[in-house]
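The values are calculated or read from the model by the stated rules, or taken from the named source; none is laboratory data. As the structure is a computational prediction, the values presented were derived from the model and not from experiment. Because the Cβ atoms are built from the backbone with ideal geometry, glycine has one as well, and the counts that use them run over all protein chains shown. Side chains are part of the model used for accessible areas, which takes the heavy atoms of the whole protein and leaves out ligands, DNA and RNA. Shrake-Rupley method; radii C 1.70, N 1.55, O 1.52, S 1.80 Å.
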Amino acid sequence: MEDFADQVAKLCLEKYNKLGKKGKPSETEWTVLSGIVLKKNDSLSLVALATGTKCLGEIDLVNTELYEEGCRLNDSHAEVLARRAFLRYLYEQIDFLLSDRKSDVFTLDDTKKIKIRDGISFHFFTSQTPCGDCSIFLKENFCDDDVPPIKIRKCDSNTEELVKLSSDKRNKQIVKDIYRTGAKCVKSGEYQDPQLPGINYHVVGPLRTKPGRGNPTLSLSCSDKIAKWNILGLQGSLLSILIPSIKMESITIGGNSPFSLEAMERGLFTRFNENLNKLNIVQSKFSFKQQKSPDRKHPCPSSIIWCAVRNRDTEIAVEGRKQGATKKKKGSNLLVTRRALFELFLRTCDKYQNFDSNIRHPKKLTYLDCKKWSKDYQRLWNTLKSGSFRAWPSKPIRLQTFVL
């Protein structure tokens, strides 16, 4: 698996290096790189790539008088943008299929339903451990067999997690600290971080929201979002009306960054009481040069979004909108926003009607109503939100009730 992980990482890193300078960090800035790789039989190809570290705060989110609903990205972390770019790629693959062109991903069965081709799998890459629960683990430098295990408190106060301490043999001092995440426990959740010194700063297990531009956000941590995708699929609610669920088969973490397999597994599936898809998780030896380091202390404000499509494959985003866009400049929205992907969905439905008479949509259907149309997806999501994901916050309703 290690060799495969290196191939996945190499594809992402090489593509990033070939992209232009726009959107890339300066010499003192850092960013995160994420991508999705298609494995078709024995060949690998990159289909989506993104960079990003920023997230809109709740105040920015509700203050939308300058923008049409659905035209601004709330979450511009690399993992989230890579998945949005992947949705664009999937829509084009469906369009190929419905236009009698060969799709690398989809085919039609005897009943004219879209299905995934045999021998296809998708693999996720991110240059560092996802923010949130996956990033909370003991700092380890020098292992000492004489040091007993210590306990990190789990969100269930009756249980604790045994973790082996490290010691610095040069100074004969036990290192008692953990890697920390900027993501905060969901306010409505039952458990909150103690924020005590050392290993007692965090509690592990709860859902977390990302820090925003100076104010709290409603965007869940990447650990939580990837865990959701692991259960419901990468395709989301709208595409689940048209295609089967698309699951990740593996996640590769870039080299030269803090990593704990146990924390990754906990953050993505073992902390939930669900029958989850247990991903293959591996760290590559290849590292991303623009990742956070002593020389790169400032997060890059812009994001790059790329996908393997014919037209406008690369976009640059700043503060959740297309770089250079203004409220007076129409038609300059990013192609991975809610509104743009909703438009793609409706156009695809219109085309698919020639193949499947059950695919219909009324005119002036709202974005939220359309999401509710995916009954199987929504049923499973509602079940999760009544269980392990019950603290998952909802976005303001008016941000989801727009029409085209």
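A few points about this structure:
- Filter result for F259 (open to solvent by less than 20 Å² (accessible area, probe 1.4 Å) and aromatic (F, W, Y)): no
- The condition of being of a type in the set (V, I, T), buried (at least 22 other Cβ atoms within 10 Å of the Cβ) and assigned to a helix (DSSP H, G or I) holds for only one of I251, I226, that being I226.
- Scanning segment 236-249 for residues that are of a type in the set (K, R), more than 12 Å from the chain's Cα centre (by Cα) and more than 22 Å from G35 (Cβ to Cβ) turns up nothing.
- Flag if R213 is of a type in the set (D, E, K, R), assigned to a loop (DSSP other than H, G, I, E, B), open to solvent by 60 Å² or more (accessible area, probe 1.4 Å) and modelled with pLDDT under 95: yes
- Candidate set from segment 77-133 (those that are small (G, A, S) and outside any strand (DSSP E or B)); member that is farthest from S43 (Cα to Cα): G132
- Selection of segment 385-402 for residues being over 21 Å from R338 (Cβ atoms) and open to solvent by less than 40 Å² (accessible area, probe 1.4 Å) yields G387, S388, A391.
- Residue in segment 72-88 that is at pLDDT below 95, open to solvent by less than 10 Å² (accessible area, probe 1.4 Å) and out of contact with any strand residue (DSSP E or B) (no Cβ under 6 Å at 6 or more places or on another chain) present: yes
- Segment 371-404, residues that are in a helix (DSSP H, G or I) and modelled with pLDDT under 85: I397, R398, L399
- Single residue of L368, L276, L335 found to be modelled with pLDDT under 90 and within 18 Å of the chain's Cα centre (by Cα): L276
- Criterion: modelled with pLDDT of 95 or more, among the hydroxyl-bearing types (S, T, Y), crowded, with 18+ Cβ neighbours inside 10 Å and within 30 Å of F402 (Cα to Cα) - qualifying residue of T53, T31: T53
- Put simply, of K54, K15, K24 the only residue that is in a loop (DSSP other than H, G, I, E, B), touching a residue at least 40 places away in the same chain (Cβ under 8 Å), within 17 Å of A78 (Cβ to Cβ) and among the charged types (D, E, K, R) is K24.
- Residue among S135, S157, S166 that is touching a Phe, Trp or Tyr at 6+ places or on another chain (Cβ under 9 Å), open to solvent by less than 50 Å² (accessible area, probe 1.4 Å) and modelled with pLDDT under 90: S166
- Single residue of segment 187-210 satisfying the filter (in contact with a Phe, Trp or Tyr (Cβ under 8 Å, 6 or more places away or on another chain) and touching a residue at least 40 places away in the same chain (Cβ under 8 Å)) that is most open to solvent (accessible area, probe 1.4 Å): P194
- Among residues of segment 339-358, those that are assigned to a loop (DSSP other than H, G, I, E, B) and either open to solvent by less than 20 Å² (accessible area, probe 1.4 Å) or modelled with pLDDT of 95 or more (or both), counted: 1
- Lone unmet requirement of (1) more than 20 Å from the chain's Cα centre (by Cα); (2) under 15 Å from A391 (Cα atoms) for N200: (2)
- If only residues of segment 279-309 that are closer than 25 Å to M248 by Cα, in a loop (DSSP other than H, G, I, E, B) and out of contact with any helix residue (DSSP H, G or I) (no Cβ under 7 Å at 6 or more places or on another chain) are counted, the one that is most open to solvent (accessible area, probe 1.4 Å) is S287.
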